[in-house]
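Chemist: Questions regarding the structure given below will be posed in turn.
The values are calculated or read from the model by the stated rules, or taken from the named source; none is laboratory data. Quick caveat, the model's predicted, so the values are computed rather than measured. Note that each Cβ is placed from the backbone with ideal geometry, even for glycine, and that neighbours are counted across all protein chains shown.
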Amino acid sequence: GIGRQALILVGDAIGAHDCGQSLLYHGQFSHGYRNEKEDERFNGSCAFYAFTAKGARKAAEISQSLGKTVIYSVCRNEEEEGVNRVKPEDFDQLLARQWNQFDAHVFVGATGIAIRKTAPLLRDKATDPAVLSCSESGSHLIPLLSGHLGGGNRLARRLARISGGEAVITTATDTRGMTAFDEAAAREKACVLNPDAIKTLNAALLAGDTILFHGPQEIYERYWKDCPKVIPAETGGKDTTETPDTPAVYWDAVPPETGGETPVLSIRSASFVLGIGCKKGTDPDLLKQSAEEFLHREGISRTQLKALASCTLKEQESAILALAEQWGVPFQVFTPAQLDSVEIPTPSDAVFEKTGTHSVSEASAILASGGKISTPKTVCGGNVTLALATCPHGSRNKARQGAGNVIVIGLGSGSPGQLTPEAAAAMEQCTCIAGYTKYLDFIRERIHGKKMIQTGMMGEVPRCTAALEAALNGENVCMVCSGDPGILAMAGLLYEMRKENERFSPVRIEVLPGITAASISASALGAPLQNGFCLLSLSDLLVPAEEIRANLEQSAGTALPVVLYNPAGRKRRHLLEEALRIFRNQRGGKNLCAYVKHAGRPAQRKWVGTLDEFPLEDVDMSTLVLLGGPRTIRDGDVLFERRGYADKYGIS
């Protein structure tokens, strides 16, 4: 029976290992292209960045065994198949845009590049993705960030096995052959509820201090049975001199209220939310079978589910209610408006037509988990869509801290150069971004991966309500506005809503200034506001037209230049016509004036002239109009006012 494809083994090649099959198929054997070894298991998405042609080839080589992978070449080499070119000057924006889109970022090149490029993006060890440095030859793989929770150490070992190089692991627990508590949580896909305690508990592990473990016996056996000082809680009283300040780990167990005196690390296995969308009247057995098969493919047990989630339209859907009851998990629902405010991987216009939201399964999973999608929506059996989201580490801290805050920031014109460092830092540190959709478009690359509350024109009240609700639930929300948030923007409305609704009283509101359109336009024109000015809006949507006319009459009688916001829309031009007439009557037709359109943006343009020459038809809602005063002087296309120094000090 021996043929061409036979392999004949002579000797003890198999028998010596006391098994009936080749070690090639043994569960603990790994050559890099098999994701079997626990200390090499990494299932996340990876972005590779190469800075030389040789580095790009190495990235293509070592990334083959990974699933969701993208390779970028930042060098000026020829096109290579499967490698995306990016100009060096565009790299920082690319990295910022996809920082939270990938679970790991691998830099193939000098370690210093990885450190410098990622430093501005770092927020928290519980949420930052893994960052690795790989030498151009693949000889050394160095995990720089998120070695445990982010899986950086495991990914380094796996890639080193592929490249034939060495994983340079510097974490103390790993170098001593111990399993850190956060590493165990990451391998089990569990959620660390208070990440701030990781350092204390791992330090106790390294110091050989007694640590009580409250949790599943199989978890203890898997990771710490050979650590004599990590003791199951049920035997703690017999085998150790337990004291009130003995460090403890509570894995799927409720820690006692100790007032913060005892070092405690809390870990929860239920760290996923299953988002569900289905047709009305879906068969319960079909939903259950679809959900079980979906979880099995993802390697997730139903005991790891924190909740099921869907739309309010499915609040009484018998199939989902039955599944929640059988599995013993809560079922959460969200309104179409709440769901449609979330940024999702795969929006659907067809779903929007039927439900009023572009997503049910993905958006509801994101909202219920407070995290991000791990598995995008999957259609099962034609009637069911399922999506999986992971809960972020630190959930307990959010719950115990109570209400979060709303920081209202101004984006100026939306140009990156006009964003203040204070406002940029607020966006980096917040957990949720709220704003008018067109304003959010200015900062999309900065806010990828964050929760989103976005509404269109006329959606100011729902937007502010959603922002306050999110803050009430523990989120730190950043409300973005154009210009300055306290000038014809959202700051006042947020304060008003908090004052009128006692439920929002715990929410703290903070305002960070921005560069308003008057300042941007004035700088484009010269210095026309040198001695003070008056700022008015011609929009009568919220302020009565009579009040606007009175303000125009009063301001025209002063010596102050007047800046007009919201001067005219397609259907609303009468107040601008009246304003020009009032100022011509009071200051004369030769009075200097100007407009600036799209102030501070690439399309910016301006006009300077007199009231008699003013081109009324040019003005729209993107235009700012400046009506000069008696001190206004023209020098070509520049307007300015004398400050008075020459008259006072005799300066010529």
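Chemist: For residues in segment 421-450 being part of a strand (DSSP E or B) and under 20 Å from D128 (Cβ atoms), which is modelled with the highest pLDDT? Before the answer, list the steps.
Modeler: Restricting attention to segment 421-450, the residues satisfying the condition of being part of a strand (DSSP E or B) are 432-436.
From the residues that got through so far, the ones that are under 20 Å from D128 (Cβ atoms) too are 432-433.
On the way: C432: 88, I433: 91.
Taking the candidates together, the pick is I433.
Chemist: Tally time: how many residues in segment 350-383 are touching a Gly at 6+ places or on another chain (Cβ under 7 Å) and more than 17 Å from A126 (Cα to Cα)? Before the answer, list the steps.
Modeler: Keep residues of segment 350-383 that are touching a Gly at 6+ places or on another chain (Cβ under 7 Å), which gives 360-362, 364-365, 372.
Filter again for more than 17 Å from A126 (Cα to Cα), leaving 360-362, 364-365.
Number of matching residues: 5.
Chemist: Specify which of the listed residues (L493, L488, L468) is in a loop (DSSP other than H, G, I, E, B), farther than 25 Å from A96 by Cβ and touching a residue at least 24 places away in the same chain (Cβ under 8 Å).
Modeler: The match here is L488.
Chemist: Starting from segment 625-652, keep only residues that are of a type in the set (V, I, T), then list their pairs with residues that are modelled with pLDDT under 95 and part of a strand (DSSP E or B) whose Cβ atoms are within a distance under 9 Å, requiring at least 6 positions of separation or different chains.
Modeler: Once the first residue is of a type in the set (V, I, T) and sits in segment 625-652, its partners that are modelled with pLDDT under 95 and part of a strand (DSSP E or B) give T632/E641; I633/E641.
Chemist: Tell me the residue from V596, V507 that is β-branched (V, I, T), within 28 Å of M479 (Cα to Cα) and at pLDDT below 95, please.
Modeler: None of the others qualify; the one that does is V507.
Chemist: Any idea which residue in segment 23-50 is surrounded by the most Cβ atoms within 10 Å (Cβ to Cβ), counting only those that are in a loop (DSSP other than H, G, I, E, B) and at pLDDT 60 or above?
Modeler: That would be F42.
Chemist: Could you check how many residues of segment 310-324 are in contact (Cβ under 8 Å) with a residue 24 or more places away in the chain and in contact with a Pro (Cβ under 9 Å, 6 or more places away or on another chain)?
Modeler: 8
Chemist: While we're here: Looking at G237 and the list (1) at pLDDT below 90; (2) part of a loop (DSSP other than H, G, I, E, B), which single condition is not satisfied?
Modeler: Every listed condition holds for G237 apart from (2).
Chemist: Any idea which of (1) in contact (Cβ under 8 Å) with a residue 12 or more places away in the chain; (2) within 24 Å of R161 (Cα to Cα) is the one T127 doesn't satisfy?
Modeler: Single failed check for T127: (2).
Chemist: Further, regarding this structure: Which pairs turn up if I take residues in segment 352-363 that are acidic (D, E) and look for partners that are assigned to a loop (DSSP other than H, G, I, E, B) with beta carbon separation below 6 Å, at least 6 apart in sequence or on another chain?
Modeler: E362/I344
Chemist: Okay, moving on. If the Cβ limit is 6 Å and pairs must be 6+ apart or interchain, which residue in segment 547-571 that is of a type in the set (S, T, N, Q) pairs with which residue that is in a loop (DSSP other than H, G, I, E, B)?
Modeler: N566/L538; N566/S539
Chemist: If I filter segment 615-628 down to residues being out of contact with any Gly (no Cβ under 9 Å at 6 or more places or on another chain) and within 19 Å of G588 (Cβ to Cβ), which single residue comes out as surrounded by the most Cβ atoms within 10 Å (Cβ to Cβ)?
Modeler: My answer is L627.
Chemist: Across segment 328-351, what is the number of residues that are in contact with a helix residue (DSSP H, G or I) (Cβ under 7 Å, 6 or more places away or on another chain), in contact (Cβ under 8 Å) with a residue 60 or more places away in the chain and of a type outside the set (S, T, Y)?
Modeler: 3
Chemist: Restricting to segment 557-599, name every residue that is β-branched (V, I, T) and in a helix (DSSP H, G or I).
Modeler: Within segment 557-599, just I582 meets the criteria.
One line per residue, one yes/no per condition, for (1) outside any helix (DSSP H, G or I); (2) out of contact with any Gly (no Cβ under 7 Å at 6 or more places or on another chain); (3) not assigned by TED's automatic domain parsing to the domain that holds G109:
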| position | (1), (2), (3) |
| --- | --- |
| S133 | yes, yes, no |
| G138 | yes, no, no |
| G147 | yes, yes, no |
| G150 | yes, yes, no |
| A156 | no, yes, no |
| L159 | no, yes, no |
| I162 | no, no, no |
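Chemist: Inspect segment 600-614 for any residue being charged (D, E, K, R), in a helix (DSSP H, G or I) and exposed (fewer than 15 other Cβ atoms within 10 Å of the Cβ) and give the result as yes or no.
Modeler: Checked against the condition, which is being charged (D, E, K, R), in a helix (DSSP H, G or I) and exposed (fewer than 15 other Cβ atoms within 10 Å of the Cβ), segment 600-614 yields at least one hit.
Chemist: While we're on this one: Pick from G636, G609, G644, G628: which is touching a Cys at 6+ places or on another chain (Cβ under 8 Å) and more than 20 Å from R573 (Cβ to Cβ)? Show your work before the answer.
Modeler: Working: G636 fails: touching a Cys at 6+ places or on another chain (Cβ under 8 Å); G609 fails: more than 20 Å from R573 (Cβ to Cβ); G644 fails: touching a Cys at 6+ places or on another chain (Cβ under 8 Å).
Every option except G628 fails the conditions.
Chemist: Scan segment 544-555 and tell me whether some residue there is more than 26 Å from the chain's Cα centre (by Cα), at negative phi, modelled with pLDDT of 95 or more and surrounded by 20 or more Cβ atoms within 10 Å (Cβ to Cβ).
Modeler: For segment 544-555, residues more than 26 Å from the chain's Cα centre (by Cα), at negative phi, modelled with pLDDT of 95 or more and surrounded by 20 or more Cβ atoms within 10 Å (Cβ to Cβ): present.
Chemist: I'd like to verify a number: residues in segment 80-129 that are modelled with pLDDT under 85, of a type in the set (D, E, K, R) and under 23 Å from L193 (Cα atoms), how many?
Modeler: Qualifying residue count, segment 80-129: 3.
Chemist: How do the pairs read when you match residues in segment 194-207 that are within 13 Å of K229 (Cβ to Cβ) with residues anywhere that are buried (at least 21 other Cβ atoms within 10 Å of the Cβ) and polar (S, T, N, Q), using Cβ under 8 Å and keeping only pairs 6 or more apart or on different chains?
Modeler: Listed pairs, sorted by first residue: none to list.
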